[in-house]
Amino acid sequence: MREKFSKKSFTIIELVMAIGVFTFVVLSALGIYTTTIQKHYDAQKIQLVVEELRYPMEVMAKDIKEGILMYGDSDELYIASKRMGEDNFKKCLEKDKSRCLVYKIENSQLKAKFPGETNFSPLTSSKIEIIYPNPSKFYIDAASVGSSNFDKDNPKVTILITARAKNDSKEISKITLQTTVTQNEPQNYFQGAP
């Protein structure tokens, strides 16, 4: 009778081993799945920041390239832009700051003030925040404005913006975008601050 039971069933040790191996495989697969999902969310945050910064960077680059840089420092850029109308363009060239197109970084947002407006309008959405003051800045030429080796006929502006998705405490989505723009037409208007 003893032989009859031992040949047709599993021992308790075999069952425990099988359950242990099955549990290990399931937990490993679950760990891989959760890691993959987390990386997907991280990639979405980075994509959001890039998409939210792409348009404002392109608009600023176009305005700098096609306009005339009147004044700039690490916080603000004043541009005489023909896109804002011929009258505003001429008045800005005559040092009327209210007629210039102004870009600035303020309160974790990239903002613009168009001629005739009193308030700055945000160019970036509330989904992201600009990390300021370091290293988001506007750099004008390699030399400081007003120095003897500043190229006022063809100034270069480097826009360096570091941003991250809002509520990203781990700063996984923190990225830095940089572009350098040279004006198309030489200009002799640059005199420093208007």
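The values are calculated or read from the model by the stated rules, or taken from the named source; none is laboratory data. Just so it is clear, the structure is predicted and the values come from calculations on it, not from any experiment. Here the Cβ is made from the backbone with ideal geometry for all residues, glycine too, and neighbour counts use every protein chain on show.
List of remarks:
- All positions within the stretch 62-92 that are within 20 Å of Lys156 (Cβ to Cβ) and among the aliphatic types (A, V, I, L, M): Ile64, Ile68, Leu69, Met70, Leu77, Ile79, Ala80
- The listed residue being at pLDDT 85 or above and under 19 Å from Glu58 (Cβ atoms), out of Thr118, Thr158, Thr180: Thr180
- Residue in the stretch 96-109 that is out of contact with any Cys (no Cβ under 9 Å at 6 or more places or on another chain), polar (S, T, N, Q) and in contact (Cβ under 8 Å) with a residue 40 or more places away in the chain present: no
- Ile64 touching a residue at least 24 places away in the same chain (Cβ under 8 Å) and touching a helix residue (DSSP H, G or I) at 6+ places or on another chain (Cβ under 6 Å): no
- In the set Leu123, Leu48, Leu53, only one residue is in contact with a helix residue (DSSP H, G or I) (Cβ under 6 Å, 6 or more places away or on another chain), modelled with pLDDT of 90 or more, of a type outside the set (Phe, Trp, Tyr) and closer than 30 Å to Asn167 by Cα; that residue is Leu123.
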